[in-house]
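The structure under discussion appears below in the form of structure tokens.
The values are calculated or read from the model by the stated rules, or taken from the named source; none is laboratory data. Everything quoted here is computed from the prediction, not taken from an experiment. Counting neighbours? That spans all protein chains shown, and the Cβs are built from the backbone with ideal geometry, glycine included. Accessible surface is based on the protein model in full, side chains and every heavy atom, while ligands, DNA and RNA are left aside. Shrake-Rupley method; radii C 1.70, N 1.55, O 1.52, S 1.80 Å.
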Amino acid sequence: MMAAPVNKFIDKKLFLSLINKFDNFLLDCDGVIWKGTVVYKEAASAVRKLKALGKKVFYVTNNSTRSRQQYVKKLHAAGFEAEIDDVVCTAHLTALYLTEKLQFSGKLYLVGTPGLAEELTAAGLRHVGIGPDYPVENRFNVAGFDHFIETTVLEKDVTAVVVGFDPFFSYPKLIKTTSHLSNKDCIFIVTNCDDIFPVGNTDLTFPGRFYELINYTVMSICRYLP
């Protein structure tokens, strides 16, 4: 027996009943109100109408590349009304998890962006690792590798590794994350598990699962899954 076709559209009566049923609306950002730099038509207008009806709107994203303040700036530029408390993002949630759930007070090795670092810093968390982990001018060739071994000192007081999207992810960073996580007491936190980093207006594909590479590397070397 064939399943009945699903109507992707709703009529005005059903739409109004849904609107009247809820006071709070959680809107995903990437892929719902925008994709990369492309803002979907009428999305901002729809949010304004919800607010005019007295509804509370929250912008939710598992994209950890920006802080809440940076998201507010992007929302304003795209025509959306937003305050910092309207944004729910994994950069901020990671900071809350560390400080409130884990009561973490140590130092983090961070594979991520300045936006993620901003939220961690605002929460009073100490971290290292932002930006290229090896100077671009010292190309990571055979000679550079020897120099890296001779000059790199692993920070001994790192007790957690946080991994998000990092445009500077590299073999030196993989070495450091694996070295820290070889200690089974080192906490490993991943901000999001997206297969692909959403970017608009391009044919390029941006892989997002850095943590999987770290998982497999630690598993193969240290014989445990962080």
Using a 1.4 Å probe, what is the accessible area per residue for region 2-133, in Å²? 59 Å²
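Rank by packing, highest mean first: peptides 88-101, 62-75, 180-193, with packing defined as the count of other Cβ atoms within 10 Å averaged across residues.
Result, highest mean Cβ count within 10 Å first: 62-75, 88-101, 180-193.
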Can you list, largest first and rounded to whole Å, the semi-axes you get for region 1-126 by taking the square root of 5 times each eigenvalue of its Cα gyration tensor? 33, 17, 15
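Dipole size in debye (nearest 20) for region 4-84 around its Cα centre, Lys and Arg Cβ +1, Asp and Glu Cβ -1?
120 debye
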Compute the signed sum of charges (Lys and Arg +1, Asp and Glu -1) over the other residues within less than 10 Å, Cβ to Cβ, of LYS55. +2
Per residue, how big is the convex hull around the C-alpha atoms of region 65-115? Give it to me in cubic angstrom, could you? 77 Å³
Probe radius 1.4 Å, ligands and nucleic acids ignored: give me the carbon and sulfur share of the accessible area of region 1-133 as a rounded percent. 59 percent
